Amino acid sequence: MTRLRTGRRKYYDIFSHFYDAFIRMHSWQDEDDTRNFLVDAAYLGGKPVPRILDICCGTGSVIFAFKERYPESMAVGYDFSHGMLHKAHEKNIYGWVVFVQGDATALPFYDNIFNVVTCSHALYELKGETRQTALKEMKRVVRHDGCVLLMEHEIPRHPVFKLLFYMRMLSMGSKDACEFVQGGDWSL
Ligand SMILES: C[S@@+](CC[C@H](N)C(=O)[O-])C[C@H]1O[C@@H](n2cnc3c(N)ncnc32)[C@H](O)[C@@H]1O
């Protein structure tokens, strides 16, 4: 892992302590709705044991939403931050969910294996080539009849949250991230 990547990982380790509170504040309680929207969009109803992978899973909220709806699923959360994964373990009341630590640009999974691969509120934080490589990796591990679901933030309308949002963007390398959130290049 490069020094830059190590620095970012440490940033997320620290952020993990207040990440959930930050998201609650940011999303005005509609966070459950957005996660359920993602679960609905996966159309996994007919699959007895769907395989689900959540990339950059953070504290696990999305993978837990899937596990709650599909208790028999094989659910994997993947993130490079030990702090985020530690919080996810602490929050897990849903049974068997596997958490794997690693970088989104090198997924340690076979090709064509997951019914659904998700990535929420994270791609905009990955820089140019890292984002493209992560997208290619998602495409590689998803089944040909499966889907990759991506969810990103809207820029908040409330002035205080908008300011906080832009401050965070600044800390992440603002220009690229803002362009991406506003409808940047998602192609492979
Ligand atoms: C803003 S959080 C989103 C967390 C979660 N997906 C959600 O919707 O709440 C971004 C996450 O991406 C992870 N992340 C950032 N860059 C990564 C990379 N190159 N490889 C793996 N995880 C990464 C961070 O550790 C962090 O948990």
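So here's what we get for this one:
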| item | result |
| --- | --- |
| Stokes-Einstein D (µm²/s) once Rh is taken as the Kirkwood radius of the chain over alpha-carbon pairs, at 37 °C in 0.692 mPa s | 194 µm²/s |
| Alpha-carbon spread of region 29-82, three principal axes, descending order, Å | 33, 25, 15 |
| Contact order normalised by residue count of region 3-152, Cα under 8 Å, 6+ apart, percent | 23 percent |
| Within-12-Å neighbourhood charge of residue 31 [Cβ basis; K, R +1; D, E -1] | -2 |
| D_trans [Stokes-Einstein, Kirkwood Rh over alpha-carbon pairs] for region 53-126, 20 °C, 1.002 mPa s, µm² s⁻¹ | 174 µm²/s |
| Virtual spin-label span in nm between residue 93 and residue 140, 7 Å along Cα→Cβ | 3.8 nm |
| Estimated distance in nm for a label pair at residue 37 and residue 13, the labels positioned 7 Å out from Cα along Cα-to-Cβ | 3.4 nm |
| CD proxy at 222 nm, helix term only [per DSSP H run n ≥ 4: -39500 (n - 2.57); per residue of the chain; nearest 500] | -14000 deg cm²/dmol |
| Listed pairs 67/139; 91/162; 127/162; 67/162; 87/136 exceeding 25 Å between Cα atoms | 91/162; 67/162; 87/136 |
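Only the coordinates and a few stated rules stand behind these numbers; no lab work does. Remember, predicted model here, so these are calculated numbers, not experimental data. Don't worry about glycine lacking a Cβ; one is built from the backbone with ideal geometry, like all the others, and counts go over all protein chains shown.
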